[in-house]
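Trainee: Dropping the structure in here first, questions after.
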Amino acid sequence: MLKNTLTDTSGYIFTAPYAPGAATGQTGTYITDVDGNPVWFKAVPGTSMENLGFRVQTYQGKPVLTTWQGTAAGSPGYQNLPIAAPEPGACFYIYDQNYNVIKTVSAVDGWTADLHEMVLTPQGTALFLTFKTVAKDLSAYGGPADGYVGDYGIQEIDLATDKLVFSWDMLDHISLKDSYETAASANATDGNVWDVFHPNSLDLGPNGELLVSLRNMWAGYAIDPTSGDILWQLNGKQQSDETWPLISPEKDARFSWQHMLRFRGTDQISLFDDGCCGTNADGSDEAAQGTSRGLVLNVDVAEKTASVATTAYHDPTLKVSSQGSMQQLATGDWFVGWGIQPYFSQYGAAGNSAAKPSSNLVYDAKFSGDMFSYRAFRDTWVGIPTTPPKTVAQSTDGKTTVYASWNGSTETVAWQVLAGSSQSELAVVEPNAARKGFETSIVVPGTVAYYQVRALDKAGQVIGTSAVVALSS
C-alpha cells in the first residue's frame, strides 16, 4: 500500500491481475479489501488463460460478478492473431453471490467473444464486443496484399433465450483510413492481420445509444442501437464522405490510444487517456510518449465541441502503453486503474493536474512482482460462498494455533474454535476471535486430537462450519 487516507473504507476492490506467461495459481479474479487483504480468489484453469474486466454488475435485479475468460493473442502458443485479440472459445461468465456460474455468454455466427467488454442491460440482455479475421488486400494501405483485417463488432444476446437480438460490424461503418495503427504492423508475426480498430469499451447512453471506444482510431463512436447508424464521433480522424458529426476536442482535451469511455449523464464522458503508444511505420513499437491520465470531458454534441472537466494523474506521472480504467464512485471520487503499469488509485472528485499529481490523491496501491490488471474497480459486494470454511491446527510448545479462512465470505467478522479428543465430541475453546485478514490465526491453550472452526457474522450467528481436522505438528 503506497497511500491510504480513505475516510470510507467500505466496499472492495476488483481486479484480474496477470502477467505474460504467469503460472497457474497466480492469474485469476481477485476481490480484496482496501488494505489489500484478499477476500476471494479464483485461478484460471490454464497457464495461457486470462480473466479480464472483472467487476460487479446487475442481473435479474441482483448483484453479480462478470468476467471474460479465454486466451488472448500474446499468450504462449497463441494463434495468428493481432496482439490482444481473443482465441476461439473465449466467453464471459456471470457469477451469483454464491460464486456459482449462472450464465455463460458466447458470441454467435462465426464471431468470438472479445475480451474487452460485456455490459448487462436492464432488459435482460448482454451487450459485448466480438472479433473475427477477414481476408483483405492491404497493399493500398501499406500492408501485405495477402493480408487480413482484425474485424470487430457488437452483439446483443437475450440471456433468457440465448438468441441474437442485435449485431453490428465495424467494417460496414468505419473507414480503415481513420486508423492510427499502421497497416505495416500487419506482418508475419501477426499472421498478416492489421489491428485497424481495436475496440476496448462499450457503454449504454442516457437515450439508449451505444458508445464504443476504438483505441486505434483515437475515437469514440455513438451508435443508434436500432439502425446501427453512427450518430456522432468524438476525437480522431474523419473522412470527408462520412456524414456523422465529428466532435473535435480542444487541444488539452484531445486523447489517444484511450480506454473505457463512459457516459456521465447527457453532457460528460469519462475515459482513461493512455496518451501513448502505437506502432511505427516499420511495424515496431513506438517509444513511450505522452503522459497518461484519467480524463472527464464536457461534451456538446450540437456545437461539436469538447473541453476538459476533470483530470487525474498518478504521482509520479506514468506512461501507460496499454489498458487502463476510470470509474466514478457513488461519492463522486474517481477510481483509476493504470493498466499495464501495476497501480490503482483513488482521487477526490476534483481530480488533479500533471503539475500537482499528489493533489487529491487519497489512495494508491501497487501489485506485487510483474503483475498488472487490465482494469480495476471499487464497488460494494456481499459474497456468500457455499463451500465451507477451511482450517488447519498446529501444535507448538503445549499450545495450538488454529488457522481459519473462508474464500469469498464478506460477512465473516469473527471465528469460533471447537476442540475435542474425538471428531464427535467437540467443545468451544474460543468463542469469538476477531477475523484478521484472509487467514486468521488463533492461539488456544493445550492440545487435543481434533479441531473445527465456525464463521460468525456481525450478529454473532454461525454462518459457516469447517470440516473437523486432526491436529498436526
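The values are calculated or read from the model by the stated rules, or taken from the named source; none is laboratory data. Note that this is a predicted model, so its numbers are computed, not measured. Here the Cβ is made from the backbone with ideal geometry for all residues, glycine too, and neighbour counts use every protein chain on show.
Trainee: Can you pull out every residue in region 444-473 that is in a strand (DSSP E or B) and of a type outside the set (Gly, Ala, Ser)?
Mentor: Result: VAL444, PRO445, TYR450, TYR451, GLN452, VAL453, ARG454, LEU456, VAL462, ILE463, THR465, VAL469.
Trainee: Which is more than 22 Å from the chain's Cα centre (by Cα), in the same structural domain as LYS366 (by TED's automatic domain parsing) and buried (at least 23 other Cβ atoms within 10 Å of the Cβ), of VAL320, VAL299?
Mentor: VAL299
Trainee: How many residues are under 30 Å from PRO122 (Cβ atoms) and outside any strand (DSSP E or B) when one looks only at region 136-168?
Mentor: Number satisfying all stated conditions: 4.
Trainee: Kindly establish whether VAL119 is in contact with a Phe, Trp or Tyr (Cβ under 9 Å, 6 or more places away or on another chain), more than 21 Å from MET170 (Cα to Cα) and modelled with pLDDT of 95 or more.
Mentor: no
Trainee: Quick one: which of GLY236, GLY220, GLY208 is touching a residue at least 12 places away in the same chain (Cβ under 8 Å), assigned by TED's automatic domain parsing to the domain that holds HIS116, out of contact with any helix residue (DSSP H, G or I) (no Cβ under 8 Å at 6 or more places or on another chain) and not in a strand (DSSP E or B)?
Mentor: GLY208
Trainee: Filter region 24-79 down to residues that are assigned to a loop (DSSP other than H, G, I, E, B) and crowded, with 22+ Cβ neighbours inside 10 Å and give me whichever is modelled with the lowest pLDDT. If you could, list the steps in order and put the result at the bottom.
Mentor: First pass over region 24-79, keeping only residues assigned to a loop (DSSP other than H, G, I, E, B): 25-26, 33-37, 44-49, 60-61, 71, 74, 76-79.
Next, only the ones that are crowded, with 22+ Cβ neighbours inside 10 Å stay: 44, 71.
On the way: VAL44: 92, THR71: 86.
Within region 24-79, the match that is modelled with the lowest pLDDT is THR71.
Trainee: What is the residue count in region 138-176 for residues that are modelled with pLDDT of 95 or more, among the charged types (D, E, K, R) and surrounded by fewer than 14 Cβ atoms within 10 Å (Cβ to Cβ)?
Mentor: The number of residues fulfilling the criteria is 3.
Trainee: Quick check on this structure: which one of VAL336, VAL402, VAL362 is in contact with a strand residue (DSSP E or B) (Cβ under 7 Å, 6 or more places away or on another chain), touching a residue at least 24 places away in the same chain (Cβ under 8 Å), hydrophobic (A, V, I, L, M, F, W, C) and surrounded by fewer than 17 Cβ atoms within 10 Å (Cβ to Cβ)?
Mentor: It is VAL362.
Trainee: A follow-up question, please. On the basis of being modelled with pLDDT of 90 or more and either farther than 21 Å from GLY153 by Cβ or exposed (fewer than 15 other Cβ atoms within 10 Å of the Cβ) (or both), does VAL101 make the cut?
Mentor: Answer is yes for this residue.
Every residue, every condition in (1) within 21 Å of SER227 (Cβ to Cβ); (2) β-branched (Val, Ile, Thr); (3) in contact with a Cys (Cβ under 6 Å, 6 or more places away or on another chain); (4) not assigned by TED's automatic domain parsing to the domain that holds TYR95, yes or no:
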site: ALA140; (1), (2), (3), (4): no, no, no, no
site: ASP146; (1), (2), (3), (4): no, no, no, no
site: ILE154; (1), (2), (3), (4): yes, yes, no, no
site: SER175; (1), (2), (3), (4): yes, no, no, no
site: ALA184; (1), (2), (3), (4): no, no, no, no
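Trainee: Please give the number of the condition PHE197 fails out of (1) surrounded by fewer than 19 Cβ atoms within 10 Å (Cβ to Cβ); (2) in a loop (DSSP other than H, G, I, E, B).
Mentor: The single condition PHE197 does not satisfy is (1).
Trainee: Mind telling me which of the residues GLY420, GLY398, GLY369, GLY446 ends up being out of contact with any helix residue (DSSP H, G or I) (no Cβ under 9 Å at 6 or more places or on another chain) and assigned by TED's automatic domain parsing to the domain that holds PHE344?
Mentor: GLY369
Trainee: Go through ALA288, ALA312, ALA281 for me and flag whichever is at pLDDT below 95 and either among the acidic types (Asp, Glu) or under 24 Å from LEU2 (Cβ atoms) (or both). Lay out the reasoning, then the answer.
Mentor: Details: ALA312 fails: at pLDDT below 95; ALA281 fails: either among the acidic types (Asp, Glu) or under 24 Å from LEU2 (Cβ atoms) (or both).
On inspection, the qualifying residue turns out to be ALA288.
Trainee: Right, next: If only one of LEU127, LEU171 is on the phi < 0 side of the Ramachandran plot, touching a residue at least 24 places away in the same chain (Cβ under 8 Å), among the hydrophobic types (A, V, I, L, M, F, W, C) and outside any strand (DSSP E or B), which one is it?
Mentor: Unique residue meeting the criteria: LEU171.
Trainee: So how many residues does region 444-460 have that are surrounded by fewer than 21 Cβ atoms within 10 Å (Cβ to Cβ), touching a Lys or Arg at 6+ places or on another chain (Cβ under 9 Å) and of a type in the set (Val, Ile, Thr)?
Mentor: Residues that pass the stated criteria total 2.
Trainee: A further question on this structure: What residue, among those in region 461-473 that are among the β-branched types (Val, Ile, Thr) and under 34 Å from the mean Cα position of the chain (by Cα), is surrounded by the fewest Cβ atoms within 10 Å (Cβ to Cβ)?
Mentor: Residue satisfying both the conditions and the ranking: VAL462.
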